[in-house]
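The values are calculated or read from the model by the stated rules, or taken from the named source; none is laboratory data. Quick caveat, the model's predicted, so the values are computed rather than measured. Glycine also receives a Cβ, built like all others from the backbone with ideal geometry; neighbour counts cover every protein chain displayed. Note: areas computed on protein heavy atoms with side chains; ligands, DNA, RNA excluded. Shrake-Rupley method; radii C 1.70, N 1.55, O 1.52, S 1.80 Å.
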Amino acid sequence: MSDGTRAVFSALDNAKTQLYHFKAIVIAGMGFFTDAYDLFCITAVTKLIGRLYYFDPAKGAPGKLPVNINNAITGVALCGTLAGQLFFGWLGDKLGRKKVYGITLVTMVGCALASGLSFGSTSTSVIGSLCFFRFWLGFGIGGDYPLSAVIMSEYANQKTRGAFIAAVFAMQGVGILFAGAVSTIVSKAFLSAFPSQPFSKVNVLSTQPEADFVWRIVLMFGAVPAALTYYWRMKMPETARYTALVEGNHKKAANDMAKVLEKDITIDEASSKAPINPNSSYGFFSKEFVYKHGTQLLGTASTWFLLDIAFYTLNLTQKDVYPAAGLLNKASSMNALEEMYHLSKAMSLIALVAIVPGYWFTVFLVDRIGRFIIQLGGFLMMSIFMAILGFKYGDLRGEKNACGPDSKKDFCGGHPIMFTVLYGLTFFFANFGPNSTTFIVPAELFPARFRSTCHGISAASGKAGAIIGAFVVQYYTQDGDSNGIKKAIIGLSVVNLIGFFFTFLVPETKGKSLEELSGEDQDIGKNAEANGKNYRTDVGPESEMV
């Protein structure tokens, strides 16, 4: 590696943790907070939308979304996310991380607001416009995945890089928690203002007309945190690794990092631009890329794909799982807003005790025990807990015919506490496991000029798995059939076990520089030699933590 380039990267890798690192975590993390909120808040409102727009008097039961409509509402954003991950991942390598970062945020803010304003005089038009805007919301969210991960990895120091990237991703858990909390608060406020009797007593009047505002407010709230961070995203400089390795401007990279790290890094003006020898680097669609990184990309993409089949199925089917776990009474015993309130409260509880802690266990331990062990252990524990849930599903959940005529529960005679514990542990080890590490590792393994693209491909593979969860696996949970759900959970257990074995394709990245992992330390040295460049670098003393 040339001396000038080495100075910039050495300053980044060896910098002490300081204020700017935490500012970067907050700026990138708030985007991810918004991503999670927007993707998962839909779980809290789908039952309410069903009551509002799909009530059929002939059925004598609360309105419920048809299976295809439910799958479309929950899955369309995932389709948009997949497209956004591929497109913005590629664009982030072509135009730079910073230029694209603002575009994704504006897209998320605009489409979150538009989702809540979904228009129409019929259920078909409302759902159609909702799905349209949620697709483009997902498109913006998709761009945030590769860009947030890559920006944080390229800003971070070598020692705590994993924890910094994991901290950004941990905001997904906080976003899920807030999705439940906001839904709880809004539904409770409207329930207090517009009380009604349960469906079993007043039928259609149990669905308050004012409830139509509730789901819209919940969806639109996702625009608030994203909008608050727009100014700070635009103030972030381009990452030094992109500026130096892709644009070839070492002087600008040194100046940008000197400002944020409070460290003097000077390079000869004559050597500030390093033209790249076209014969000394390889393209994305080249045999050399496949030879050097093909197996790694297969490993990161396949493990994320397998993980998201299970993870998104668990998240998107919470509304169906909570009655089985005894956390939610039968729909006919509640009015519309009451049902949403209790569903959101259960969602918040699971997020608080099982989902959020898993993320932060990863933050504190990922640079101590490594990504590989966390991912391997997470897949294994998820497989074990889901196997127990699957094989013992009927006993743990109970059955409908065991309930008396006046029972408020959908299922009786089961073991709801054990069901909830196993369900919560599955979430915990997903997040203290592959859900976090599959996000971290693709941001570390690949060369700077392909890093965003490869992360986008890996993340898009994950969303392909999530789409399978939304449109295929979720089909088996809709009617509450014990055998169908049992088969689905056992199938997900097998999927996690396959993920366990595919993890062996992914190398450990703990304690190594990005250039060492990607092979760029050798490539840059060859480039410098081929271009006949000599660099002079004066590096000032380390700055203290601020």
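Brief remarks follow.
- Per-selection metrics, segment 134-175 (Cα): Rg and Dmax in Å: 11.9, 38
- Highest-first packing order for the peptide set 329-340, 414-425 is 329-340, 414-425, based on the mean count of other beta carbon atoms within 10 Å.
- Normalised convex hull volume, segment 7-61, alpha-carbon set, Å³ per residue: 107 Å³
- With the simple spin-label model, which puts each label point 7 Å out from Cα in the Cβ direction, the residue 16 to residue 421 separation comes to 4.6 nm.
- Length released on extending from residue 401 to residue 194, taking residue separation times 0.36 nm less the Cα-Cα span: 71.1 nm
- Among the listed pairs 330/486; 159/463; 98/292; 99/251; 64/486; 59/345, those beyond 24 Å (Cα-Cα): 159/463; 98/292; 59/345
- Computed over segment 271-400, Kirkwood Rh from alpha-carbon pairs, angstrom: 19.2 Å
- By average C-beta atoms within 10 angstrom, highest first, the peptides 28-34, 68-74, 187-193: 28-34, 68-74, 187-193
- Assigned charges on the beta-carbon of Lys, Arg, Asp, Glu; segment 1-120 dipole about Cα centre (debye): 120 debye
- With every protein chain in place, the chain: carbon and sulfur % of accessible area (1.4 Å): 65 percent
- Segment 137-238: relative contact order in percent, alpha carbon pairs under 8 Å with at least 6 residues between: 16 percent
- Dividing the radius of gyration of the alpha carbons in segment 14-119 by their Kirkwood radius gives 1.14 for Rg/Rh.
- Taking every alpha-carbon pair under 8 Å whose residues sit at least 6 apart, the chain reaches a relative contact order of 26 percent.
- The tail of the calculated P(r) for segment 333-456, taken as Cα-Cα distances beyond 26 Å, holds 40 percent of the pairs.
- A Förster distance of 60 Å, applied to the separation of the beta-carbon atoms of residue 508 and residue 220, puts the FRET efficiency at 0.90.
- For the chain, the per residue solvent-accessible surface stands at 37 Å², with DNA, RNA and ligands left out and a 1.4 Å probe.
- Converting phi to 3J(HN,Hα) with the Karplus coefficients 6.51, -1.76 and 1.60 and the offset θ = phi - 60°, segment 139-155 yields 4, x, 4, x, x, 5, 4, x, 5, 5, 5, 5, 4, 5, 5, 7, 8 Hz in sequence order, with x at every glycine or proline.
- Net lengthening on full extension, residue 285/residue 67 (0.36 nm per residue, minus Cα-Cα): 74.4 nm
- Contact order for segment 34-138, expressed relative to its length and based on alpha carbon pairs under 8 Å spaced 6+ residues apart, stands at 29 percent.
- Column: log10 I(q)/I(0), Debye, Cα scatterers of segment 425-469, q = 0.15 Å⁻¹: -0.43
- Taken one residue at a time, the phi angles of segment 72-77 give Karplus couplings (6.51, -1.76, 1.60, θ = phi - 60°) of 5, 4, 7, x, 5, 5 Hz. Gly and Pro are set to x.
- Near residue 330, the amide H atoms lying under 5 Å from its own belong to 409, 410; only residues 5 or more places off or on other chains count, and H is placed 1.01 Å from N.
- Placing +1 on each Lys and Arg Cβ and -1 on each Asp and Glu Cβ, with no other charges, gives the chain a dipole about its Cα centre of roughly 640 debye.
- For residue 399, residues with placed amide H under 5 Å, excluding near neighbours: 412, 414
- Counting every alpha-carbon pair across segment 101-249, the share separated by more than 18 Å comes to 69%.
- Nearest-0.05 FRET efficiency for residue 259 and residue 472, computed from C-beta distance (R0 30 Å): 0.05
- Mean ellipticity per residue at 222 nm, deg cm²/dmol - from DSSP H runs of n ≥ 4 across the chain, formula -39500 (n - 2.57): -22500 deg cm²/dmol
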